[in-house]
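As structure tokens, the structure follows; a few thoughts come after it.
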Amino acid sequence: MNSIQYVGLDVHQSTVSVAVLDDNGKLAMQCVLATEARAIVDFFRGLRGTLCVTLEEGTHAAWLYDLLVRRVAKLMICNPRKNALLKAGNKSDAIDARKLAELLRAGLLSPVYQGQRSTAAVKQLGRSYAALTEDTTRTMGRLKALYRSQAIACAGQKPYSLRHRAEYLSQLSEPGLQRRAQRLYQQLDLLQQLRREARRDLLLECRKHRESQLLRSIPWLGPIRVALLLARVQTPHRFRSKRQFWAYCGLALETRSSADYQMVNGQLQRRSKPAFIRGLNLNHNHDLKNLFKSAATTASSSGGPFGSFYKNLLLKGMKPELARLTLARKIAAITLHIWKKGEPFDAEYLKLHAA
């Protein structure tokens with residue numbers, strides 16, 4: 001008899017707690033495995049029936065996904081931020097694994113996209129470039145903080161240039177501060193070199209994908225922004241509509257409403273009061289939000305179709321910050337449309353329904 005087995009995995013660095021429920025929701029098996037490919041594969045080979053497996057997104061999620069996706073009927077990497085049941089009552093590895101299996105059986109889990117093999121290289125190179133950019137920015141901030149702590153003026157890019165480093169180092173009176181600044185300069189030089197190499201590798205890999213040429217046709221989406229967009233999104237078909245894409249990019253509006261209906265003369269009517277807008281959604285991809293907002297900021301201060309769109313919003317009485325947000329939402333919506341349809345950018349897209 002081909003019964004359904006629901007398997008919950010609570011994954012840690014050295015062990016994996018497993019709970020198996022049958023199709024009636026009864027606990028059929030519970031055990032602890034080593035976080036090793038051989039032990040996990042041997043365990044699933046011993047199970048019978050149709051296997052539905054879930055685990056939370058985390059450090060080992062991508063590795064386990066590649067390991068199990070072809071060995072089970074259904075594999076879901078779920079969003080831990082939406083698993084409120086795990087926070088209730090007692091907590092342990094065994095309890096968490098069983099609760100995950102119960103949520104999977106009830107269909108109450110939210111899946112997390114795990115990507116596709118065709119864009120795996122772009123994804124990893126994009127992460128490398130973004131991490132090196134953050135490390136470079138952090139080191140530059142530490143250098144300026146060191147000079148500011150000694151009341152040394154250090155505005156602009158001058159403190160980082162090779163030609164002026166000796167001038168700034170000579171203003172540090174203590175030998176310990178000078179050695180600390182020298183090591184920060186060494187760290188900065190190494191990071192900048194690695195960042196240039198990571199940028200070159202990312203751009204070379206991005207050119208292998210046909211979509212990059214289409215996305216480059218959008219004004220103010222240059223090679224780096226397009227490469228990071230490919231690395232983070234991978235495929236536009238993850239999103240059914242632009243509203244889902246806005247939410248992923250942190251550009252969706254969160255609203256709150258209550259008591260939406262009332263009885264009038266025995267008839268049910270919807271109240272006309274507007275929903276309260278609570279701002280932009282907090283759970284999002286920060287890199288994509290920065291990408292589209294920076295593109296909108298640059299486009300708003302220049303000409304072209306996006307600049308004209310921004311100025312028209314200002315003429316309608318919209319505040320500059322809201323106009324830039326609307327422009328960022330519009331650029332994101334056009335990006336998704338072009339990517340899905342495989343068509344180059346056309347300024348007529350700006351005449352469609354506003355973002």
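General remarks:
- Picking from residues in the stretch 304-355 that are farther than 17 Å from Phe245 by Cβ and among the basic types (Lys, Arg), the one that is nearest to the chain's Cα centre (by Cα) is Arg324.
- Residues being in contact with a Cys (Cβ under 8 Å, 6 or more places away or on another chain), open to solvent by 20 Å² or more (accessible area, probe 1.4 Å) and touching a residue at least 40 places away in the same chain (Cβ under 8 Å) - total across the stretch 284-319: 2
- Residue within the stretch 22-45 that is under 30 Å from Arg127 (Cα atoms), in contact with a helix residue (DSSP H, G or I) (Cβ under 6 Å, 6 or more places away or on another chain) and acidic (Asp, Glu) present: no
- Within the stretch 145-163, being open to solvent by 40 Å² or more (accessible area, probe 1.4 Å), under 27 Å from Arg196 (Cβ atoms) and in a helix (DSSP H, G or I) holds for Ala145, Lys158, Leu162, Arg163.
- The set of residues from the stretch 115-132 being open to solvent by 40 Å² or more (accessible area, probe 1.4 Å) and over 17 Å from Ser212 (Cβ atoms) comprises Arg117, Arg127, Ser128, Ala131.
- Residue, modelled with the lowest pLDDT, within the stretch 279-289, restricted to residues that are of a type outside the set (A, V, I, L, M) and more than 11 Å from the chain's Cα centre (by Cα): Gly279
- Cβ-Cβ under 8 Å pairs, at least 6 apart or on other chains, the stretch 320-349 side without any contact (Cβ under 8 Å) to a residue 24 or more places away in the chain and within 11 Å of Tyr310 (Cβ to Cβ), far side aliphatic (A, V, I, L, M) and open to solvent by 60 Å² or more (accessible area, probe 1.4 Å): Pro320/Leu314; Ala323/Leu314
- Hey, Thr119 modelled with pLDDT of 95 or more, of a type in the set (Val, Ile, Thr) and within 30 Å of Leu229 (Cβ to Cβ) or not: no
- Hey, Leu27 open to solvent by less than 50 Å² (accessible area, probe 1.4 Å) and touching a strand residue (DSSP E or B) at 6+ places or on another chain (Cβ under 8 Å) or not: no
- The residues in the stretch 41-74 that are surrounded by 17 or more Cβ atoms within 10 Å (Cβ to Cβ) and charged (D, E, K, R) can be counted, and the count is 2.
The values are calculated or read from the model by the stated rules, or taken from the named source; none is laboratory data. Fair warning: this is a prediction, and the values are worked out from it, not measured in the lab. Ideal geometry is used to build each Cβ from the backbone, glycine not excepted, and the neighbour counts take in all protein chains shown. Accessible surface areas use protein heavy atoms only, side chains included; no ligands, DNA or RNA. Shrake-Rupley method; radii C 1.70, N 1.55, O 1.52, S 1.80 Å.
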